[in-house]
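The values are calculated or read from the model by the stated rules, or taken from the named source; none is laboratory data. Computed from a prediction, not measured in an experiment: that's the story for all the values here. We place every Cβ from the backbone using ideal geometry, glycine too, and count neighbours over all the protein chains shown.
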Amino acid sequence: MQTPRQSLVVSIHDVSPLTQAVVHTMLADLADAGVSRTSLLVVPDHHKKAPVAHDASFCRELRNLVSCGHEVVLHGYYHLRPPKQTTLLKSLITEHYTAGEGEFFDLSQEEAAERLAKAKREFAENGLHPVGFIAPAWLLGAEAEAAVKDAGFQYTTRLQTFKDLATGREDLSQSLVWSVRAAWRRIISLGWNAYLLNRLGENPLVRIGLHPPDWSHPAIRRQVLRIVRATLAAREPITYEGWLHRARV
Ligand SMILES: [Zn+2]
């Protein structure tokens, strides 16, 4: 198999009418740094407060971004995990690690299929045709993954992998991601991401996963843009969809 050229995928999580303004700023800063192609992880009805299908101007903006080379990726449906009877381990993972946002972590296959079908229909009615699905907080349970594959999505990602759902091929590449909920998390994030970037070295794919709150913290914003600029010396910025095509060659 031919080794793909070295690539950089920058993704922005939690894109919705609730985060539209800060996402504008992020896209402008990234374009200044040399990245004018990103994977935009769009939430169809963010926290049940922002139905994308009812927001014509938001949909128009997404279509414009796609026509400029960005990609729309489906990112959950509500981005909320309802409290359920659960095991201690599950609640540790979903409540403490992700602040209760792991929507697709323990959905049944049927529940997941319903949400995916609704999202696909609403997006298609607005001219949006995502080929990838990424679960909120990257927490995708086995039943939900089967539903994602059945719904025709071509790929998904987790924190450490990119998976081609058609072939089952997984590419190992841990995403850089910043945790900004507390000061100590921000300090650890700065050191961890510098280390991780170094460790990724010659990996064909480097992934940078951004969240809108990252941009409220100047030290994080500066580090992200510095890493982006440094990485672009040896890598081409592409979308996950672009990586999928490259990896299938
Ligand atoms: Zn998210």
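General remarks:
- Looking only at residues in segment 174-223 that are touching a Lys or Arg at 6+ places or on another chain (Cβ under 8 Å) and away from the ligand (no atom under 16 Å from the Cβ), the one that is nearest to Gln160 (Cα to Cα) is Gln174.
- Screening Arg221, Arg186 for residues that are surrounded by 15 or more Cβ atoms within 10 Å (Cβ to Cβ), in a helix (DSSP H, G or I) and touching a His at 6+ places or on another chain (Cβ under 9 Å) leaves exactly one candidate, Arg186.
- Subset of segment 24-40 [closer than 19 Å to Ser7 by Cα and within 15 Å of the ligand (Cβ to nearest atom)]: Thr38, Ser39, Leu40
- Filtered residue count, segment 55-81, keeping only those that are in a loop (DSSP other than H, G, I, E, B), more than 16 Å from the ligand (Cβ to nearest atom) and more than 15 Å from the chain's Cα centre (by Cα): 3
- Note on segment 1-21: among residues that are at pLDDT below 95 and surrounded by fewer than 16 Cβ atoms within 10 Å (Cβ to Cβ), the one that is nearest to the ligand (Cβ to nearest atom) is Gln6.
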